[in-house]
1. Return the residues of segment 66-103 that are of a type in the set (Gly, Ala, Ser) and in a helix (DSSP H, G or I); say none if nothing qualifies.
2. For Leu61, are the conditions met, namely being farther than 25 Å from Leu132 by Cβ, modelled with pLDDT of 80 or more, out of contact with any Pro (no Cβ under 6 Å at 6 or more places or on another chain) and surrounded by 11 or more Cβ atoms within 10 Å (Cβ to Cβ)?
3. Which pairs do you get when a residue that is on the phi > 0 side of the Ramachandran plot, found in segment 43-56, comes within reach of a residue that is in a helix (DSSP H, G or I) and of a type in the set (Val, Ile, Thr), reach meaning Cβ atoms under 8 angstrom, with the pair 6+ apart or on two chains?
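The values are calculated or read from the model by the stated rules, or taken from the named source; none is laboratory data. It should be emphasised that the depicted structure is a prediction, and the values quoted were computed from it without experimental measurement. Here the Cβ positions follow ideal geometry from the backbone for every residue, glycine too, while neighbour counts run over all protein chains shown.
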Amino acid sequence: MSDQDSGYNKEEKPSRNEAEGERGFELRWSGSQTWIWGLVLLVVGTLMLFQNFTNFRFIHLNNWWAVFILVPGISNLTQAWGIYRQKAQLTPGARSRAFWGLVLIAVACTFLFNLSWGLMLPILLLAGGIFLLFTARSSGS
């Protein structure tokens, strides 16, 4: 049987559904960091489930809810990094996102690891002051 008899032309590209194996969707890994967060959620969920069914403890966290403060902090940092890579300079938007990301991470770590607020609060105030000075200097105010 020749190629012409089978109805397949070597020069024709298969249709999108044929290329995807009739699944109807395409799995894309590049250009999006959503898969990283999905992987993080799967790992954390698996570890928590394992801890619930065994006596083994990976980390003794009494304030595990602070992870919900940590996630937006990490998200702000990754967004700042993305802006920096795209623009090839540290724009005010990237600088602001990086600062607030670091603040959220510091607050989350203070809760997660029971650090002293007597130590962390002055550090956060100093960082905020430095950030405002550099912001005012770069904007020309």
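1. Ala66, Gly73, Ser75, Ala80, Gly82, Gly93, Ala94, Ser96, Ala98, Gly101
2. no
3. Qualifying pairs under 8 Å: none.
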